[in-house]
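First comes the structure, then the notes that go with it.
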Amino acid sequence: MLPVVDPPKRDPYTAPKIDPAVAARWLVGFLRDECLGRRGMENAVVGLSGGVDSAVTAYLCVHALGPRNVHLVRMPYRTSSPTSLHDAQLVIDALGAVGHTVDITAAVDGYLQYEPEADARRRGNVMARTRMLVLFDQSAKLTALPIGTGNKTERLLGYFTWHADDTPPINPLGDLFKTQVWELARYLGVPPAIVDKAPSADLEANQTDEGDLGIRYARADAILSSMLLGYRDEQLHARGFDAAEVALVRRRVEGTHWKRHLPTTAMLTNTAINEFYLRPVDY
Amino acid sequence: MHGNSETGPALVALVQSKPRKGAYAENLASLRAVFSQLASLEPVPELIVLPEAALTGYFLEGAVYESARSAELFGHEVSSLWRDVAGERPVEIAAGFYEVENGSYYNSAIWLALDERETRIINVHRKLFLPTYGVFDEERFLSRGNRVRVFNSPLLGPTALLICEDAWHSIVPTIAALKGARTIVVPSAAPGRGIEGEGELLSISRWRELLRGIAMEHGCFVLYAGLAGFEGGKGMTGSSRAIAPDGEILVEADAREGCIVRAELFLDDVEIARANLPLLGDLRAVLPDLLADDELPWLRGQTDATGR
């Protein structure tokens, strides 16, 4: 009898891997080039939520620009979890970066007092857009480039507030799935309290991303990474993915293409911007 | 064609055999035991691939004349073994053998398709590039093949067979892919050499890079069945492997031991790979211009670029 050599047992839900050292090196190069090279800006400003995405972004910025040139802004609302504030401080302390705290309660409530019937979704969007306002104003005040923190998973699933989380002009993490951000976070030495906790937008008490989405990040990332290569649903089913989860992911991706674009502009002339008049972003 | 999302993956077994030199009958008996083992596997493989010179060993020198078979006889002998142990169960078998036809001898590989009723020879590929340098002396004893056919495997669809050095000339798998091959199957006998590498012989690394390059450039599966065991001091490097169209090594055996290597091929991975890296489509568009280049030596009646 000959020994039988089988392929390694493959779990279709294996999250897409990265080499975090390679990714970190590349992203530090990206940040240096965008801030120092292209824009001549020595400072960056990052909204620090206490979550893993903004923590990783902060670590990368400090590697790229040095701790004294990185401004980390905590923007709590009165219902924000104290843990978030505390975890954000862990990052500021660990990096020796410049910490700021801007309480957005008065600004948010100043508007929402006229909209008492606003539900949690609307209230969350107001908070996210208020944080965007603060971040851009801090950018002007500090002469610091705002750095985005959105990851690929939330971008694909449309799990973000349009013209809020996605507004900074550059984003180092936007092509990394959430599970890859976790891997990068461990490599960079982000405190385990931040890496290991359940991700949350912290817009409501006990809210978690995975509860909102209806799927675990590890499973969504595995589906997304195959789906984006072009596999149709039946091909994903044949490869062992759960049909209901595939449908959920597909529905979210296909219902949110608009969120990953600039506003749709009616074309009327032969010089329509970004239709006829085309110039690269770095031209 | 099987192996798509409706029918599940195509089930392949690569047999990394260690034949005893020139002992055809004994090696045939060993193959019967292997077939019996394969037929008892759950699930039973749908394609079995054997290495180059699978039932004779590779370095035969003049003894090739005593060991060669006609394709019909070799096909009959091999398919009869399967019928004996597996009855009417359908299977496809690819195997390397020394072929004789009308007094000419070839290093060939056969592709057999067995269904409930009949055994068909789907293709016989005759090795194009006969290594005749250093330790190799094929062309002294063998004639060359002169074309790469792409044939329709009932299991895999359009497929090409290449033997060993055929795969080292990038134009050969390129021609196979241009003619429509979605899977390239390479029976091989590769004597190992090069101890400067880390962890394995350099020739093993080189083969792996080469085969991954073929898979990735053309977006096709590559199945490699390597002969194992020593032949008069020359160690064959086995390393049978299946490679996906994106270059992922699905499975790979060790170098020296006989074994059965199983792989599952989702054949529609070919479309995905080609859509994501459309090099083959690009080549189709540009190739006519490249071939019409009047600086190519043979179009100028010259044998090489130096003008001689």
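Computed quantities for the displayed model
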| quantity | calculated |
| --- | --- |
| Among (1) within 25 Å of residue B:260 (Cα to Cα); (2) open to solvent by 20 Å² or more (accessible area, probe 1.4 Å); (3) among the hydrophobic types (A, V, I, L, M, F, W, C); (4) in contact (Cβ under 8 Å) with a residue 12 or more places away in the chain, the one test that residue B:202 misses | (4) |
| Given (1) in contact with a Pro (Cβ under 8 Å, 6 or more places away or on another chain); (2) over 29 Å from residue A:3 (Cβ atoms), index of the condition residue B:16 fails | (2) |
| Considering residues of segment A:113-133 that are among the hydrophobic types (A, V, I, L, M, F, W, C) and outside any loop (DSSP other than H, G, I, E, B) only, the residue farthest from residue A:71 (Cα to Cα) | A:120 |
| Residue in segment B:275-297 that is closer than 27 Å to residue B:190 by Cβ and within 12 Å of chain A (Cβ to nearest Cβ) present | no |
| Among residues of segment B:229-262, those that are modelled with pLDDT under 95 and within 10 Å of another protein chain (Cβ to nearest Cβ), counted | 3 |
| Count of segment A:240-259 residues which are open to solvent by 50 Å² or more (accessible area, probe 1.4 Å) and not in a helix (DSSP H, G or I) | 1 |
| Residue selected from segment A:98-109 under the condition open to solvent by 30 Å² or more (accessible area, probe 1.4 Å) and out of contact with any helix residue (DSSP H, G or I) (no Cβ under 9 Å at 6 or more places or on another chain), by the criterion nearest to residue A:66 (Cα to Cα) | A:103 |
| Test for residue A:211: is it on the phi > 0 side of the Ramachandran plot and either open to solvent by 10 Å² or more (accessible area, probe 1.4 Å) or out of contact with any Gly (no Cβ under 9 Å at 6 or more places or on another chain) (or both) | no |
| Options A:184, A:156, A:145, A:173: the member that is over 27 Å from residue A:257 (Cβ atoms) and open to solvent by less than 40 Å² (accessible area, probe 1.4 Å) | A:145 |
| Residues of segment A:10-44 classified as over 24 Å from residue A:197 (Cα atoms), buried (at least 17 other Cβ atoms within 10 Å of the Cβ) and among the β-branched types (Val, Ile, Thr), total | 1 |
| Single condition residue A:231 does not satisfy, out of (1) out of contact with any Phe, Trp or Tyr (no Cβ under 8 Å at 6 or more places or on another chain); (2) assigned to a helix (DSSP H, G or I); (3) free of Cβ contacts under 8 Å to residues at least 40 places away in the same chain | (2) |
| So residue B:174, is it closer than 29 Å to residue B:37 by Cα and open to solvent by less than 30 Å² (accessible area, probe 1.4 Å) | no |
| Options B:136, B:141, B:129: the member that is in contact with a strand residue (DSSP E or B) (Cβ under 7 Å, 6 or more places away or on another chain), within 25 Å of residue B:192 (Cβ to Cβ) and assigned by TED's automatic domain parsing to the domain that holds residue B:25 | B:141 |
| Unique match (being farther than 23 Å from residue A:221 by Cβ and small (Gly, Ala, Ser)) among A:58, A:88 | A:88 |
| Residue among B:10, B:33 that alone is small (Gly, Ala, Ser) and in contact with a Gly (Cβ under 6 Å, 6 or more places away or on another chain) | B:10 |
| Residue in segment A:41-61 that is without any contact (Cβ under 8 Å) to a residue 12 or more places away in the chain and either more than 30 Å from residue B:31 (Cβ to Cβ) or part of a loop (DSSP other than H, G, I, E, B) (or both) present | no |
| Residues of segment B:36-47 satisfying the condition of being within 12 Å of chain A (Cβ to nearest Cβ), closer than 16 Å to residue B:80 by Cα and touching a helix residue (DSSP H, G or I) at 6+ places or on another chain (Cβ under 6 Å) | B:36 |
| Matching residues in segment B:182-211 - criterion: being assigned to a loop (DSSP other than H, G, I, E, B) and more than 13 Å from the chain's Cα centre (by Cα) | B:182, B:192, B:193, B:194, B:195, B:196, B:197, B:198, B:199, B:200, B:201 |
| Filter result for residue A:189 (open to solvent by 20 Å² or more (accessible area, probe 1.4 Å), farther than 30 Å from residue A:26 by Cβ and more than 14 Å from chain B (Cβ to nearest Cβ)) | no |
| 3 or more residues free of Cβ contacts under 8 Å to residues at least 60 places away in the same chain and touching a Gly at 6+ places or on another chain (Cβ under 9 Å): qualifying strands (runs of 3 or more DSSP E) within segment B:47-138 | B:104-114, B:119-126 |
| Index of the failed condition, residue A:201 passing every other in (1) under 12 Å from the mean Cα position of the chain (by Cα); (2) open to solvent by 20 Å² or more (accessible area, probe 1.4 Å); (3) touching a residue at least 40 places away in the same chain (Cβ under 8 Å); (4) under 19 Å from residue A:16 (Cβ atoms) | (4) |
| Number of positions in segment B:209-236 that are on the phi > 0 side of the Ramachandran plot, touching a residue at least 24 places away in the same chain (Cβ under 8 Å) and open to solvent by 30 Å² or more (accessible area, probe 1.4 Å) | 1 |
| Residue that is surrounded by the most Cβ atoms within 10 Å (Cβ to Cβ) [pool: residues in segment B:82-128 that are closer than 14 Å to residue B:38 by Cβ and charged (D, E, K, R)] | B:92 |
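Every residue, every condition in (1) surrounded by 13 or more Cβ atoms within 10 Å (Cβ to Cβ); (2) among the aliphatic types (A, V, I, L, M), yes or no:
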{"position": "B:263", "(1), (2)": "yes, yes"}
{"position": "B:268", "(1), (2)": "yes, no"}
{"position": "B:276", "(1), (2)": "yes, no"}
{"position": "B:285", "(1), (2)": "no, yes"}
{"position": "B:299", "(1), (2)": "no, yes"}
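The values are calculated or read from the model by the stated rules, or taken from the named source; none is laboratory data. Computed from a predicted model, the values in this text were never measured in an experiment. Neighbour counts are summed over all protein chains in view; Cβ atoms, including those assigned to glycine, are modelled from backbone coordinates with ideal geometry. What goes into the accessible areas is simple: the full protein's heavy atoms, side chains included, and nothing from ligands, DNA or RNA. Shrake-Rupley method; radii C 1.70, N 1.55, O 1.52, S 1.80 Å.
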